[in-house]
1. Give region 102-132 a look and list any residue that's touching a strand residue (DSSP E or B) at 6+ places or on another chain (Cβ under 8 Å) and β-branched (Val, Ile, Thr), or say none.
2. Could you list, in sequence order, all residues of region 113-125 that are part of a helix (DSSP H, G or I) and surrounded by fewer than 18 Cβ atoms within 10 Å (Cβ to Cβ)?
3. Within region 1-99, considering only helices (runs of 4 or more DSSP H) that don't extend past its boundaries, which have at least 3 residues that are under 22 Å from GLN128 (Cβ atoms), open to solvent by 40 Å² or more (accessible area, probe 1.4 Å) and modelled with pLDDT of 90 or more?
4. Against the definition (among the charged types (D, E, K, R), over 17 Å from GLN101 (Cβ atoms) and touching a Lys or Arg at 6+ places or on another chain (Cβ under 8 Å)), how does GLU50 come out, yes or no?
5. Please work out if LEU110 is touching a residue at least 60 places away in the same chain (Cβ under 8 Å) and either among the aliphatic types (A, V, I, L, M) or not in a helix (DSSP H, G or I) (or both).
6. Across region 126-136, which residue is least open to solvent (accessible area, probe 1.4 Å) among those that are among the hydrophobic types (A, V, I, L, M, F, W, C) and not in a loop (DSSP other than H, G, I, E, B)?
7. For residues that are in contact (Cβ under 8 Å) with a residue 60 or more places away in the chain and hydrophobic (A, V, I, L, M, F, W, C), scanning just region 69-107, find the one that is nearest to HIS40 (Cα to Cα).
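The values are calculated or read from the model by the stated rules, or taken from the named source; none is laboratory data. Predicted, not measured: the structure shown is a model, and the values here were computed from it. Counting neighbours? That spans all protein chains shown, and the Cβs are built from the backbone with ideal geometry, glycine included. Calculation scope for accessible area: heavy atoms of the full protein, side chains included, ligands and nucleic acids excluded. Shrake-Rupley method; radii C 1.70, N 1.55, O 1.52, S 1.80 Å.
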Amino acid sequence: MENILVFVAEQWLLVSVLVILVGAYFWTENRKSGDTLSIHSATRVINNGEAVVVDLRDAKEFKSGHIINAINIPHNKLAEQLPQLENHKTKTILLVDKMGQHAGAAGRVLKTNGFTVSRLQGGISEWQGQNLPLVK
């Protein structure tokens, strides 16, 4: 541990550059998968008809409760079911999953294919935590 501290003290410039580069990498990767929307922003774009909700959870979880009018496309089948979303290219695709763990990868796939993408911050767990309605 002492050797690491000595290295950091002696090579502070190198360590600073490394930290900045790692931060920039994570920031750009996060941006590639679409903006993150808060619950309130997501509710606004859904109610205004500006977004189509795509629920990335499996069918069993989707049937147990989902956002009204959401389209269920499990995250592992997104690439093969892209044609199902072609009619919605003029709107933002709002990705929802359980806790936000799969929305990033799905967002990158959709953005690569020309879609405008946003991700629901905290996923369906946050939606439920705010006592917002789900349909079955």
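1. THR116, VAL117, ILE124
2. Start the filter on region 113-125 by keeping residues that are part of a helix (DSSP H, G or I), which leaves 123-125.
Residue satisfying the conditions is SER125 alone.
3. Correct list: 39-47, 59-64.
4. Spelling it out, GLU50 is indeed among the charged types (D, E, K, R), over 17 Å from GLN101 (Cβ atoms) and touching a Lys or Arg at 6+ places or on another chain (Cβ under 8 Å).
5. Working: touching a residue at least 60 places away in the same chain (Cβ under 8 Å): yes; either among the aliphatic types (A, V, I, L, M) or not in a helix (DSSP H, G or I) (or both): yes.
Yes: the conditions hold for LEU110.
6. For region 126-136, the residue satisfying everything is TRP127.
7. Result: LEU95.
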